[in-house]
Amino acid sequence: MFAFSETSEKEIEKQLVKYPPERKKSAILALLRIAQQQNGYVSAEAMEEIGRRLDLSPAYVESVCSFYTMYYTRPVGKYVIMFCINVSCHLLDCDNLLEHTAKKLNIQVGETTADKMFTLLREECLAECSRAPVMRINNDYHVNLTPQKIDQILDSLK
Amino acid sequence: MTQLLFKHINVEGLANIDVYEKHGGYETLKKALEQKPEEILETVKASGLRGRGGAGFPTGLKWSFLAKDVFPRYLVCNADESEPGTCKDRELLLKNPHLLIEGMILCAYACRVEIGYNYIRGEFYDLCEIFEKALEEAYERGYLGKNILRSEFNLDIHTHLGAGAYICGEESALLNSLEGMRGEPRLKPPFPAVEGLYGKPTVVNNVETLCAVVPVVEGGAEAYAALGTEKSKGTKLVSVSGHVRNPGNFEVVLGTPTSEIIEMAGGMREGRKLKAFIPGGSSVPMLPAGKVDTPYDYESLQAAGSMLGSGALIVMDDSANVVKETLRIASFYMHESCGKCTPCREGTRWLHQILGEIESGRGKDENIELLQDISDNMSFKCFCPLGDAAIAPVLSGIANFREDYEELLSQAKAGAAAE
Ligand SMILES: Cc1cc2nc3c(=O)[nH]c(=O)nc-3n(C[C@H](O)[C@H](O)[C@H](O)COP(=O)(O)O)c2cc1C
Ligand code: SF4
């Protein structure tokens with residue numbers, strides 16, 4: 001069973017007023033995000049609930065959800081590390097930094113640590129190219145990365 | 001140095017409305033509201049301002065294409081910034097959100113729009129919060145809402161967060177995404193100005209374009225058009241990244257030699273020479289060092305065989321291997337192809353696979369021709385411009401840096417012979 005929390009309900013209300021009443025489908029990205037903020041990922045039950053709210057079939061919700069890369073349909077770590085690997089970061093050696101990060105966390109890219117603290121993902125361009133190499137952890141950007149800086153950041157996250 | 005968008009960019013606390021107003025913020029709006037909407041439209045037209053999102057379409061002309069007398073109509077700001085190498089909109093939104101709001105209000109007034117959305121890429125959650133706070137401040141001061149500054153003009157602006165998909169930067173895919181669909185491009189025409197959001201006339205402009213409307217209206221069309229070249233007016237934010245000493249966003253007058261922009265970014269690193277540069281983001285052809293004096297403007301970069309694109313100048317020195325960087329870019333397009341049309345969905349995959357083989361020392365001589373052949377089968381045959389974007393680095397890399405390909409291929413041959 002999935003139910004939106006009180007905080008989520010308030011957030012949903014704020015989102016729905018942005019669109020014409022007959023166009024509430026526009027809020028689907030927001031509702032998926034809110035469900036994910038609440039539970040860490042978007043479950044099939046959450047998609048059903050979103051469908052009920054917006055008069056959409058669960059299959060439709062899933063087809064939209066699967067199009068975008070920022071929704072997780074399975075549980076992820078408390079911190080999701082999105083590591084940019086695109087050209088500007090690549091020119092500044094992001095491959096080695098990514099490997100360093102994976103080693104430090106003792107996982108492969110794409111995996112979650114056993115204590116469910118960190119998930120490490122490859123990301124496409126994060127639009128901070130002139131401060132490359134760049135990663136994003138949950139909603140925070142970290143720029144001009146070095147191995148030492150990465151160690152510091154990860155050690156500070158508990 | 002003429003600084004229009006970046007004039008106050010490093011002023012402490014500029015994102016706050018008091019600080020913004022102290023530096024002349026919203027004064028342009030107040031004066032503009034004394035003019036008729038058509039006059040503002042004329043000013044933007046006459047200024048020669050062109051879209052800064054990638055295509056470079058004349059902004060005023062686009063506004064004038066809005067279907068007449070059809071209401072409601074919408075303004076959508078494109079803050080999806082995801083073209084690899086591009087990070088200028090992020091800096092504007094981070095440090096000067098009110099400039100964008102003022103620009104959006106001016107555009108909405110000129111175009112008689114009463115509802116605007118700012119489509120912000122999902123990764124910019126932090127910027128969305130900053131922008132929403134700025135919106136609140138602007139409502140409190142009466143710059144947004146009903147009867148703005150007693151002009152009888154109404155405007156509401158909302159944020160809309162994306163969720164990770166490069167293709168949503170393409171305006172029609174963006175509109176689908178805003179309508180709650182998968183972000184797949186629409187068939188054009190009809191263009192958004194005729195049938196856009198919810199089937200209504202819609203202006204879609206890039207963050208930087210809308211910000212530039214403020215200095216255009218503030219200083220007048222003539223002053224703006226006095227800057228730049230014949231076909232490229234005004235200033236442009238250039239995101240310099242890669243192998244330079246001090247990468248960053250720089251505001252330059254259009255027509256400035258590319259080499260000077262690289263110098264602004266600190267020049268090349270110690271002991272290194274320029275090898276290649278991509279002037280306008282990953283979607284445009286890369287150029288060899290010999291073209292670095294090309295004036296940075298729409299027409300000169302085009303004449304040099306590339307494009308100004310989004311204004312992302314990616315610099316590679318002689319430590320870079322063009323095949324390896326092209327592979328990265330190819331992997332990006334494969335990942336970001338929305339899958340709607342076959343030449344792009346399949347072509348991006350094949351380009352990636354063959355480049356991967358060459359890069360890992362398993363290539364064959366005929367692979368170069370194969371890459372060209374696949375590119376030819378994609379060129380102008382894809383549903384949206386992403387397909388053509390994907391082949392630009394491949395074809396330009398082969399044309400200008402064939403030695404990098406041949407080196408890897410001869411290594412592959414030597415490896416095979418040794419086995
Ligand atoms: C694949 C693709 C991605 C695009 N991404 C962006 C983007 O991230 N930001 C943007 O402003 N324009 C982007 N565009 C260009 C938009 O389609 C559109 O031309 C632009 O938003 C219009 O605004 P402008 O006239 O102010 O430049 C993209 C186009 C394509 C084909
Ligand atoms: S060219 Fe690529 S991104 Fe564009 S519609 Fe076709 S598959 Fe989608």
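The numbers here are math on the coordinates, done by the rules we state, and not lab data. On a predicted model such as this, the values are computed, not experimentally measured, just so you know. Glycine also receives a Cβ, built like all others from the backbone with ideal geometry; neighbour counts cover every protein chain displayed.
Any residue that is part of a helix (DSSP H, G or I) and away from ligand 1 (no atom under 13 Å from the Cβ) - is there at least one of those in the range B:156-172?
no
So which residues in the range B:94-126 are over 15 Å from B:Val76 (Cβ atoms), within 10 Å of chain A (Cβ to nearest Cβ) and buried (at least 24 other Cβ atoms within 10 Å of the Cβ)?
B:Glu123, B:Phe124
For the condition within 14 Å of chain A (Cβ to nearest Cβ), of a type outside the set (A, V, I, L, M, F, W, C) and within 16 Å of ligand 1 (Cβ to nearest atom), what is the one hit in B:Glu336, B:Glu359?
On the way: B:Glu359 fails: within 16 Å of ligand 1 (Cβ to nearest atom).
Of the residues listed, the single one that is within 14 Å of chain A (Cβ to nearest Cβ), of a type outside the set (A, V, I, L, M, F, W, C) and within 16 Å of ligand 1 (Cβ to nearest atom) is B:Glu336.
So which residues in the range A:120-130 are more than 7 Å from chain B (Cβ to nearest Cβ) and out of contact with any Leu (no Cβ under 9 Å at 6 or more places or on another chain), if there are any at all?
Matches in the range A:120-130: A:Leu121, A:Glu123.
Check B:Gly183 against each of (1) within 10 Å of chain A (Cβ to nearest Cβ); (2) within 12 Å of ligand 1 (Cβ to nearest atom); (3) part of a helix (DSSP H, G or I) and name the one condition it does not meet.
(3)
For the condition more than 10 Å from every other protein chain (Cβ to nearest Cβ), closer than 27 Å to B:Leu127 by Cβ and free of Cβ contacts under 8 Å to residues at least 40 places away in the same chain, what is the one hit in A:Ile137, A:Ile153?
Only one candidate qualifies: A:Ile153.
Would you call B:Ala399 among the hydrophobic types (A, V, I, L, M, F, W, C) and either within 12 Å of ligand 2 (Cβ to nearest atom) or crowded, with 16+ Cβ neighbours inside 10 Å (or both)?
No.
Quick check on the range B:33-48. Is at least one of its residues within 16 Å of ligand 1 (Cβ to nearest atom) and part of a loop (DSSP other than H, G, I, E, B)?
Within the range B:33-48 (the criterion being within 16 Å of ligand 1 (Cβ to nearest atom) and part of a loop (DSSP other than H, G, I, E, B)), the answer is yes, since at least one residue qualifies.
Give me the residue from the range B:324-333 that is more than 9 Å from every other protein chain (Cβ to nearest Cβ) and either within 16 Å of ligand 1 (Cβ to nearest atom) or surrounded by fewer than 22 Cβ atoms within 10 Å (Cβ to Cβ) (or both) and, out of that set, farthest from B:Gly271 (Cα to Cα).
The residue in question is B:Tyr333.
Only residues in the range B:61-86 that are within 14 Å of chain A (Cβ to nearest Cβ) count as the first member; pair them with residues that are within 16 Å of ligand 2 (Cβ to nearest atom) and outside any loop (DSSP other than H, G, I, E, B), Cβ under 6 angstrom, at least 6 apart or cross-chain, and list the lot.
B:Asp80/B:Cys168; B:Asp80/B:Gly169; B:Ser82/B:Tyr166; B:Ser82/B:Gly169
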